Structures are given as structure tokens and as C-alpha cells.
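To keep things clear, I will list the structure first and then write my remarks on it.
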Amino acid sequence: MRDAAPTTIYLKDYTPFGYLVDSVHLTFNLAQHATRVTSRIAFRPNPDATDRTFFLHGEELTLIRAAIDGEVISPDISDKGLTAQVPDAPFIWEAEVEIDPGNNTALEGLYMSNGMYCTQCEAEGFRKITYYPDRPDVMSTFTVRINGDLPVLLSNGNPTGSGEGWAEWTDPWPKPAYLFALVAGELVAHPDKFTTRSGRDVELNLWVRPGDEGKCAFGMEALKQSMKWDEDVYSREYDLDVFNIVAVDDFNMGAMENKGLNIFNSSAVLASPETSTDTNFERIEAIIAHEYFHNWTGNRITCRDWFQLCLKEGLTVFRDAQFTSDMRSEPVKRIHDVIDLRARQFPEDNGPLSHPVRPESFQEINNFYTSTVYEKGAEVIGMLKRLVGDDAYAKALDLYFERHDGQACTIEDWLQVFEDTTGRDLSQFKRWYSQSGTPRVKVAEDWADGTYTLTLSQSTNPTPGQSEKLPQVIPVAVGLLGANGDEVRGTEVLELTEAEQSYSFTGLASKPVASILRGFSAPVILEHDHGNAERAFLLAQDTDPFNRWEAGRSLAQDTLLRMITEDAAPNADYLDGLLAVLRDGDLDPAYRALMLGLPTQSELAAALHESGTTPDPLAIWASVETLRQATAQHVQDLLPRLHSEAVIDAPYDPGAAQSGKRALGGAALALTSRLDGGAKAAEEYAKADNMTLQLTALSCLLRARKGEAELAAFYDQWRHDRLVMDKWFALQVSMAAPEATPQTAQSLTEHADFNWKNPNRFRALMGSLAMNHAGFHQTDGAAYQLLADWLIRLDPVNPQTTARMCSAFQTWKRYDADRQDLMRHQLTRISETPNLSRDTTEMVTRILGA
Ligand code: BES
Ligand code: ZN
């Protein structure tokens with residue numbers, strides 16, 4: 001139910017809890033609609049706290065009995081929790097509550113998915129399990145007894161007893177309640193083991209529903225690689241006797257790092273060549289690593305409060321990106337991450353939802369698991385590492401683990417270890433955590449008497465709640481190239497700290513071409529009007545693979561924008577440059593495939609909006625179609641060779657080498673389909689023996705407005721497989737022609753397999769609708785209305801997933817007045833829905849800018 005007045009929580013109001021918790025004992029008597037949870041908690045007054053109010057969070061609980069030191073009490077109960085009078089000395093709290101996991105559709109707390117009990121406690125789900133100080137700075141050891149007639153009963157830590165219908169688990173590592181987990185079900189294990197470098201044997205299990213056994217091997221290998229990598233690179237060893245991972249079908253997020261018992265959305269762990277694409281495999285490898293790495297960055301060292309979320313998430317995303325770079329290709333991973341940052345974080349940072357990496361207030365913390373906290377948070381760590389150097393970074397991390405193990409920390413603690421290690425003053429750098437908005441760096445160049453001078457100036461547009469911006473510390477990696485492509489100056493990191501600064505390079509024989517922001521050394525928008533000739537030169541010559549790709553990307557963007565605004569023809573520099581890159585058989589196929597990518601239509605809309613032109617989604621769509629067609633014609637002669645390079649004469653392997661070849665082959669197939677109307681794609685579909693090829697071919701067919709028979713055959717082949725059916729739903733909406741998109745989506749909502757209460761299925765359909773730029777922005781507003789109808793329907797069932805998907809409307813002010821009216825109307829309609837959740841209320845209010 002919605003609060004009368006939603007309350008805002010502020011970082012500045014932090015105070016420690018009045019009591020410490022020495023131990024927690026929980027007993028669960030599982031029953032679908034009446035699970036009993038008994039808690040026995042040892043509290044004592046916190047000497048560091050002044051406020052001794054004894055308030056325990058608790059929501060949707062029925063209190064059966066409460067006692068202090070064995071004496072039954074009657075606490076004051078509200079819909080948020082309870083308060084009680086307690087001794088000014090150590091005491092034992094006991095409570096018995098009843099909960100209803102069978103009716104928990106929000107998927108927070110203890111809930112059921114396909115007959116299996118599971119939990120999700122981050123951020124504030126534990127309070128739906130029992131009364132507790134549900135805040136991350138309250139840490140304790142947990143002992144859990146589970147009584148239930150299911151064969152597999154799991155919780156955190158090590159198993160310390162079991163028998164018919166019960167199991168006991170003990171977690172010796174103090175942890176906050178958000179890391180608590182329980183799973184009970186008819187599950188089968190995919191077992192393995194790992195010996196840590198100090199010789200501890202760890203039993204590993206991946207638990208899945210019967211039938212999914214064949215989809216476990218890849219995830220298990222990824223887990224062992226992650227364990228090894230964290231030992232080799234960060235000297236972090238695992239610290240329990242067992243590590244369990246469980247796959248569940250109904251899950252709001254990707255996965256969760258509960259201590260010793262990670263719970264995964266089945267889409268984020270289950271994989272087989274027949275049912276998963278190369279992209280799925282890579283994502284699974286990264287998520288397994290991410291959740292595993294949280295064992296140190298998140299669990300052993302946790303967050304003092306939820307404002308510090310980037311302390312664990314930004315750092316762990318940074319660590320999982322390092323892992324992927326090491327396991328696969330560094331430039332390819334970097335390019336993928338920048339594509340993702342621009343597609344998701346930049347719109348957030350430059351729209352109504354803009355907030356700092358460390359927010360200063362929130363109403364619902366679930367709404368702050370954002371691309372800004374995660375991906376910009378990871379970029380901030382990358383910048384810190386670039387500024388202090390690799391050795392100092394390693395020393396600072398060692399100090400962080402040594403100094404803060406077992407603690408709940410803040411960004412101040414994090415920065416302090418870097419200051420103590422390097423002697424550097426990081427107070428200006430800290431603005432990356434407090435200032436929202438994407439900084440823009442403008443480039444001016446000067447050449448005279450053998451000296452090249454680069455002048456960089458920075459500014460950040462106002463963002464909600466922040467009108468004035470101060471200069472940030474921006475590491476700008478720069479290299480200089482001579483006319484023949486030789487590097488006349490190797491990469492150097494310039495530190496831009498003022499509003500404007502100049503840097504001179506002397507003693508040069510001729511005017512160089514600067515390659516600026518190499519490796520995307522800072523999450524900024526670079527404004528560099530260097531002209532297409534220079535871009536084409538960098539596309540051909542840059543020794544920095546990221547900037548070489550970037551040159552192609554900016555050429556593509558420039559030509560698309562001119563096609564839209566000036567009715568220009570596709571730029572020959574772009575097409576010729578692309579052809580040369582594609583011809584270069586020495587370049588990694590994955591890299592060449594990336595070169596074939598274009599800015600997203602949403603990015604083009606943003607660029608138009610920023611330059612003062614109202615974006616027309618259909619014109620944007622048409623320009624992309626025209627450029628694609630022109631590209632296909634221009635590289636036509638090369639396509640057979642690209643296909644043959646991508647032919648793989650070996651058993652399927654999802655690793656970098658093969659998947660790169662398939663990516664290039666797939667991109668070539670997409671271009672071929674524009675020339676042959678889908679003939680080759682139909683052939684490829686018929687012989688596809690893995691999901692990557694099957695889905696690529698099917699998407700080419702659908703884009704050619706063919707493939708009806710294949711789509712039906714795909715359904716018959718895969719209707720039994722939930723994860724593949726998600727792809728079937730998503731693909732149709734993604735590939736629909738703009739004018740057909742709303743109707744396609746609408747019809748699919750009537751399909752018997754549209755199980756809208758499952759977050760994966762809901763996102764497959766509605767998320768794809770929001771991502772189909774020209775389809776979503778059809779002039780009649782049909783897609784806006786369809787999405788809003790379904791958000792209103794989902795909100796009472798699953799507020800968290802509803803609220804996240806409201807961000808589809810975050811760019812509404814970019815568009816023309818008619819579209820703005822249509823979107824505002826839908827946002828208002830959502831906001832006026834009776835009993836709208838706190839989650840969704842906060843999101844629509846912020847998006848509307850009220
Ligand atoms: N701790 C989060 C999961 C989470 C997020 C729980 C929000 C509750 C609310 C987990 O570590 C995470 O970050 N998962 C990501 C994937 C990761 C690879 C970035 C996710 O679930 O999307
Ligand atoms: Zn995480």
C-alpha cells in the first residue's frame with residue numbers, strides 16, 4: 001500500500017543502530033501459505049550509538065509471539081516494524097512470525113517459484129521474513145534450521161547437521177541480513193570441487209530443477225575460473241567449505257551474492273549450445289564471476305548503508321570487467337562496455353533520473369540499482385586506477401582488504417586507502433561520487449613551430465537538484481600519430497582538473513593527429529570537431545584499438561546525422577574505411593564485427609536533441625536502413641569471404657575465438673540478407689545446430705519480412721524451454737517493422753505462453769517493445785499506452801520490476817510536443833493509479849520532474 005506521504009531517506013541522517021547483534025538463530029517450518037519463522041537473537045547495547053530506540057523492521061508478518069529474555073512481551077506494531085522496551089544490557093530477543101511465501105509475487109523475502117522455496121533479501125527483503133534491524137551495518141553470524149519435507153534444504157555457510165525433513169546450516173562469517181538466503185526444493189546438483197591455493201577443499205554445487213542438468217557445465221567452469229582468478233589477481237581466497245549456486249525461474253534481477261549460497265535467475269546461469277547464444281554465455285560467465293567476487297567486495301567488506309551501494313557494486317562490476325578482459329579480449333570487452341554505458345548510463349545521467357554515483361537521498365532503494373551506480377561506479381574505479389597506476393592500485397586494494405575485513409564501510413573509507421597508499425589528495429576526485437551528469441570535454445588544437453597544443457575544457461549540464469557543477473578530475477589518455485600512422489608520442493594520461501587546461505607537445509617534425517580519450521579513459525562526452533578526414537585517418541591508423549573503433553563509430557554517427565538533417569548520402573569515407581577494416585584478416589573477427597555496429601537509434605535521438613533538432617524516430621529509422629543497405633552494397637564482394645572466415649570446423653565452443661567468428665559471420669549474414677531478401681539466412685536457419693546461428697538467421701529473416709514458417713517451427717521446437725521462449729517473444733517485438741510493432745506486441749500479450757508474472761517473460765516482451773525505438777515511438781502513442789497498461793497491471797504484483805521498466809519513458813522530453821503529450825499522459829495515468837507502489841510512484845514522479 002502506498003504511504004500517505006512517501007518518506008525520503010537522506011545520507012546525511014545516518015546514525016548507527018542502538019544495538020549490536022552477537023548471533024542469530026532462525027528456525028523455518030516451511031509451509032506454502034503458513035511458514036513459521038522463529039528467531040532467537042542476541043542483542044547488546046551499541047557503545048557507539050546514542051539513540052537506544054529498539055525498532056525492528058518487519059513487513060507483511062503476522063506476529064505469533066515475542067519475548068525478551070524468555071518473558072513474553074507485546075511490542076508496538078506498525079506496517080513498517082515494531083518497537084519494544086528492552087533492557088540496557090545484553091538480552092535475548094525471541095519471536096515467532098507467520099508468512100505466506102505462496103502468495104509472494106513481489107519476489108522479495110521468502111517466495112515460491114515452481115514449487116521451490118527461495119529468498120531474495122537485498123536490499124530490504126529480510127524484513128518480510130522476520131523482525132530484524134534490516135540494515136547493512138548490523139552484522140552477525142547466523143545459524144539456520146530448516147524443517148520441511150523437500151529433499152534439498154539449503155542456507156548460508158557450512159552444513160552442520162541434517163536428517164529426514166530437516167537441515168541445519170551455520171555461517172561463521174558475520175553478515176548483514178541482506179545476504180541471508182534459504183532454498184528448499186526438489187533440486188538436482190551438478191557437483192564439482194575446487195582446492196584453494198592454501199589447500200582448502202571446497203565443495204561446489206550448481207542446483208537446478210530436474211531437466212536442466214544439461215545446462216550446468218558452463219556455469220560451473222566459469223565459477224572455478226572466477227575462484228582461481230580472484231586468487232591470482234586479488235589474492236582473495238574462498239572462505240567456506242561449500243559454495244552453492246541455485247537457479248530459479250522467477251527472479252527480479254540477474255543474480256544475488258548471498259554468502260555461500262548464490263541465487264541466480266536461471267537466464268543468468270543455465271546454458272547449452274542448443275539453447276543459448278554466445279552473448280548469453282559471455283553474460284553468464286561475467287555474472288557468475290561478479291557474484292563470486294562479491295564474496296570479498298560486498299560480503300566480507302560490506303556497505304554501511306545503501307547510499308554506499310557503489311562501494312560493492314561499482315567495485316565488483318570493475319572486477320568482473322577485468323576478469324572478462326583477461327578471459328577474452330581486452331579491447332572487445334572495453335568496446336562492449338562503452339556501448340552499454342552510452343546506451344544505458346548516459347540517458348540516465350542526462351535525463352530526469354540523473355543522480356550521483358553515491359546518491360544522497362532516496363524513497364525506495366530498489367530504484368537505485370542503476371546503471372549510474374553500477375557502470376559509472378565501475379568507471380570511477382577505472383579512472384582511479386589509471387590515475388594512481390597499477391602498482392598503487394594493487395597496494396591500495398591490499399590495504400582495503402586488510403583494514404576493513406568484517407566491516408560495513410563507506411566511500412570515504414575506500415578513498416582513504418588510496419590516499420594512505422599514494423599520499424594523493426583525492427578530495428577533488430571525490431566529486432565523481434557526488435556530482436551527477438556526464439561531463440563534456442571540448443577539444444581545441446593548435447599547431448605552431450613544431451609544438452602541438454591541446455586545450456581541453458570541461459563542463460557538465462545542470463541535473464535535477466544540482467544546478468552548479470565544479471570541475472572534476474578527468475584522466476584523458478592521449479597519443480599522437482604522424483602522417484604515416486606512426487606513433488610520434490605514445491599514450492600519456494593528461495589530468496584535466498581545471499575548467500580549461502592546455503597541454504603542449506614540443507619538438508614535432510610535422511603536425512600530428514591526436515588520438516584523444518584512448519581506451520575511453522573517462523566516462524565523458526568528448527566534443528571534438530576534427531572533421532571526417534581525420535576520423536577516417538584514425539579509423540585506418542590508430543594504434544589504440546578502442547579509438548580506432550571510436551573513429552568508425554563517430555564517422556557513422558556523423559553520416560547518419562547528416563542523412564537525417566541534410567538529406568545527405570552515406571559518407572564514402574565511412575564506407576571505404578569500413579571496407580578496409582573488414583578486409584584486414586589480421587584483425588580479430590570479434591573486433592571487425594564491432595566495427596559493423598552503428599550507434600543506436602536512441603543515441604541518435606539524443607545527439608539530435610542535444611544539437612537542437614527534435615528527433616523524428618521514423619527518420620532516424622530510415623537513415624539506419626539506408627546506411628545498412630548502402631553498406632551491404634559497398635562491401636558486397638567481401639561478404640562471401642567474411643562468411644568463409646566465420647565457418648567453424650570444430651565442436652561448438654562459447655569462448656572468445658569461436659564466438660568472435662560467429663559474430664562476424666552473423667553481421668555478414670545480416671548484410672547479405674539485405675541483398676538477397678533472406679535466401680542465405682533461410683539456408684543457414686535450416687542447418688543451424690546452435691542457438692547463436694539459429695537466432696541470427698531467424699532475426700535476418702524477420703527483418704527481411706520473411707520467416708513466418710521458421711518462427712512457427714522455432715516455437716514447436718522450443719515451446720518446452722522457458723529461456724528459449726523468452727527469446728521467441730523478444731525477437732518478434734525487436735524485429736517488427738515500426739508501424740507493426742505495437743500490434744505485434746499486443747498480440748503476443750494474448751499468447752498462451754505470455755506468463756506476465758514471470759519477470760523474464762514480461763521483460764522479453766515489454767522490454768523489447770521499449771527498446772524498439774521507432775516502434776515504441778509510433779505517432780499514435782499505441783506503444784506508450786500498451787506499456788503503461790501493463791505496468792499498471794504488474795505494479796500490485798511486482799513493484800520492483802514495474803518500477804525498473806518505467807525508465808522506458810525517461811527520455812520523453814527529447815521528442816516533439818505531440819509525443820511528449822502522449823507520454824506525459826501515460827506517466828500521469830500511471831501515477832494516478834490507486835494504491836500505486838512506492839517503487840513506481842517514485843519513478844514516475846522523478847520522470848515527470850514534478
Ligand atoms: N547484488 C546484486 C543483486 C541485486 C540487485 C539484489 C538489486 C537486489 C536488488 C548483484 O550482485 C548484481 O549486481 N547483479 C546484477 C548482475 C551483475 C553482473 C551486474 C544483476 O542482477 O543484474
Ligand atoms: Zn553486484
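The values are calculated or read from the model by the stated rules, or taken from the named source; none is laboratory data. Not measured: the values here are computed from a predicted model. Cβ sites come from the backbone with ideal geometry, for glycine too, and all protein chains shown count toward neighbours. To get the accessible areas, we keep the full protein, side chains included, count just its heavy atoms, and leave off ligands, DNA and RNA. Shrake-Rupley method; radii C 1.70, N 1.55, O 1.52, S 1.80 Å.
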- [ ] Within the set of other residues whose C-beta is less than 11 Å from the C-beta of A499, count the net charge using Lys and Arg as +1 and Asp and Glu as -1.
- [x] 0
Open item on the list: Please compute the modelled spin-label separation between T105 and N29, points set 7 Å along Cα→Cβ, answer in nm with one decimal.
Closed with: 2.9 nm
- [ ] Distance check, please: which entries in K706/K727; K175/K727; K215/K706; K687/K727; K333/K442 exceed 29 angstrom between their Cα atoms?
- [x] K175/K727; K215/K706
TODO: Could you work out the relative contact order of the chain, using alpha carbon pairs under 8 angstrom and six or more residues apart, expressed as a whole percent?
DONE: 9 percent
Task: Cross-link partners of K813 among aspartates and glutamates (Cα-Cα below 12 Å; sequence separation of 8 or more within a chain) - done: E610, D821
Task: Estimated FRET transfer efficiency when R0 is 25 angstrom, pair K687-S747 (beta carbons, to 0.05) - done: 0.25
Open item on the list: At 0.36 nm per residue, and after removing the present C-alpha to C-alpha distance, how many nm does the segment from Q633 to S427 gain when stretched out fully?
Closed with: 68.8 nm
Task: Additional length obtainable on full extension of the chain from Q407 to L63, 0.36 nm per residue less Cα span - done: 120.7 nm
Task: segment 212-265 versus segment 445-522: alpha-carbon centroid distance in Å - done: 41 Å
Task: Sulfur and carbon atoms: percent of accessible area, the chain [1.4 Å] - done: 48 percent
- [ ] At most 13 other Cβ atoms within 10 Å and a DSSP loop assignment: could you name the GluC sites (Glu not before Pro) in segment 405-489 that fit?
- [x] E468
Task: J(HN,Hα) series, segment 387-392, from Karplus relation 6.51 cos²θ - 1.76 cosθ + 1.60, nearest Hz, glycine and proline x - done: 6, 8, x, 5, 5, 5
Task: Mean-position separation - Cα centroids, segment 791-850 and segment 126-180, in angstrom - done: 37 Å
TODO: Write out the GluC sites (Glu not before Pro) in segment 107-181 meeting two conditions: DSSP loop, and at most 10 other Cβ atoms within 10 Å of their Cβ.
DONE: E164
- [ ] Work out from phi, with θ = phi - 60° and the Karplus expression 6.51 cos²θ - 1.76 cosθ + 1.60, the ³J(HN,Hα) of each residue of segment 126-143, listed in order in whole Hz, and give x for Gly and Pro.
- [x] 5, 5, 8, 10, 7, 6, 6, x, 7, 9, x, 7, 9, 10, 7, 6, 10, 10
TODO: May I ask for the distance between the Cα centers of segment 46-99 and segment 539-568, given as a whole number of Å?
DONE: 62 Å
Open item on the list: Given a Förster distance of 25 Å, report the FRET efficiency between D326 and V493 from their Cβ-Cβ distance, rounded to the nearest 0.05.
Closed with: 0.70
TODO: Enumerate the aspartates and glutamates that K511 could reach by cross-link, defined here as Cα to Cα under 13 Å, with residues fewer than 8 away along the same chain left out.
DONE: E445, D446, D449, D486, E487, E534
TODO: Could you work out how far apart the two model spin labels at S74 and D340 are, taking each label as a point 7 Å from the Cα in the direction of the beta carbon, and quote it in nm?
DONE: 5.5 nm
Task: For the chain, the longest site-free run once trypsin sites (Lys or Arg not before Pro) in DSSP loop states with at most 16 other Cβ atoms within 10 Å are removed - done: 425-704
Task: Amide proton proximity set for V242, modelled H, under 5 Å, gap of 5+ - done: E203
Open item on the list: How much accessible area per residue does the chain have, counting only protein heavy atoms and a probe of 1.4 Å, in square angstrom?
Closed with: 38 Å²
- [ ] Give the angle, between 0 and 90 degrees and rounded to the nearest 10, that separates the Cα long axis of helix 817-831 from the longest principal axis of the Cα atoms of the chain.
- [x] 10 degrees
Task: Calculated from backbone phi, Karplus (6.51, -1.76, 1.60) coupling profile of segment 52-62 in Hz, x at Gly/Pro - done: 9, 4, 9, 10, 10, 5, x, 9, 6, 10, 9
Open item on the list: Rounded to the nearest 10 Å², what accessible area does M112 have for a 1.4 Å probe in the complete protein model?
Closed with: 40 Å²
Task: Filtered GluC sites (Glu not before Pro), segment 671-739: DSSP coil and at most 16 other beta carbons within 10 Å - done: none
TODO: Grab the beta carbon distance between S510 and E221, set R0 = 41 Å, and tell me the FRET efficiency rounded to 0.05.
DONE: 0.20
